[in-house]
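Below is one structure, written out as structure tokens, with a few remarks after it.
The values are calculated or read from the model by the stated rules, or taken from the named source; none is laboratory data. If you're wondering where the values come from, they're calculated on a predicted model, not measured in any experiment. Here Cβ is always computed from backbone atoms with ideal geometry, including for glycine, and neighbour counts include all displayed protein chains.
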Ligand code: OAD
């Protein structure tokens, strides 16, 4: 099933990967959309916007503390590790993730762009200054910024907020340059991330999608592999390794 893609991989120098919540699903981190998704149970405008934080910071912090606790208990799954291995297989490799859980780094990924921030970090809601270390936040006594006195918030991108310009520019550069682009475990609905595979494809990249279901990207993709990324990506990397080692490639 992967033979044709492995042929392309062995001759590829520049590869980029976009991941979404689906890659962490098998670790036990809930996705956002779909029946069991977070946005089916909670209202994003009450929890993940600046105006929610201004009007009810306690509820917002309780929600992020709940998610932090959940994420602190989970481990990277074989899909994350396969992408960690993939990084070493190409001359140029960029992992672009929409996830804030930090699991890619735990699985060995290094050249990584976290488009939506990282839930384990904090910053000032007023001046954006980063807060050192992974401090715990008491929702009843939210600390203030040492520089300007603003309230401390999680360092994630909320609805209606701009992404870090350097990070999104680097992501679009990687998409433009990629000969091979993977979109893994994302519904491909949220911009600007959803444009990255399209930009890569228009620039001549081979586009591969790995997802449990079809998405708006599927018709554009050269390869659509339907199934869990924690099973499909390790199988792909195993075939790739065997081919590189001079085996038959399966
Ligand atoms: P979604 O919840 O929108 O989509 C998750 C995707 O993963 C779906 O297409 C599922 O079919 C797929 N999926 C689920 N389990 C999978 C598995 N084991 N293997 C492969 N695929 C699987 O999550 P995202 O696309 O990441 O933004 O959502 C994008 C952004 O919307 C998030 O970063 C977040 C959210 O609002 C912010 O917080 C700014």
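Taking the criterion of being at positive phi and assigned to a loop (DSSP other than H, G, I, E, B), the residues of the range 102-123 that qualify are 102, 108. Could you check, for the range 88-101, whether at least one of its residues is closer than 22 Å to residue 158 by Cα, away from the ligand (no atom under 12 Å from the Cβ), assigned to a helix (DSSP H, G or I) and at pLDDT 95 or above? Scanning the range 88-101, I find no residue that is closer than 22 Å to residue 158 by Cα, away from the ligand (no atom under 12 Å from the Cβ), assigned to a helix (DSSP H, G or I) and at pLDDT 95 or above, so the answer is no. State whether one or more residues within the range 106-123 are more than 15 Å from the chain's Cα centre (by Cα), buried (at least 21 other Cβ atoms within 10 Å of the Cβ) and closer than 30 Å to residue 149 by Cβ. Yes, the conditions are met somewhere in the range 106-123. Taking residue 54 as the residue in question, decide whether it is away from the ligand (no atom under 16 Å from the Cβ) and either modelled with pLDDT under 95 or surrounded by 14 or more Cβ atoms within 10 Å (Cβ to Cβ) (or both). Criteria not met by residue 54. For the range 140-162, the count of residues that are under 30 Å from residue 66 (Cα atoms) and assigned to a helix (DSSP H, G or I) is zero.
Of the residues making up the range 8-49, those that are away from the ligand (no atom under 12 Å from the Cβ) and touching a residue at least 60 places away in the same chain (Cβ under 8 Å) are 8, 9, 10, 12, 13, 14, 15, 16, 17.
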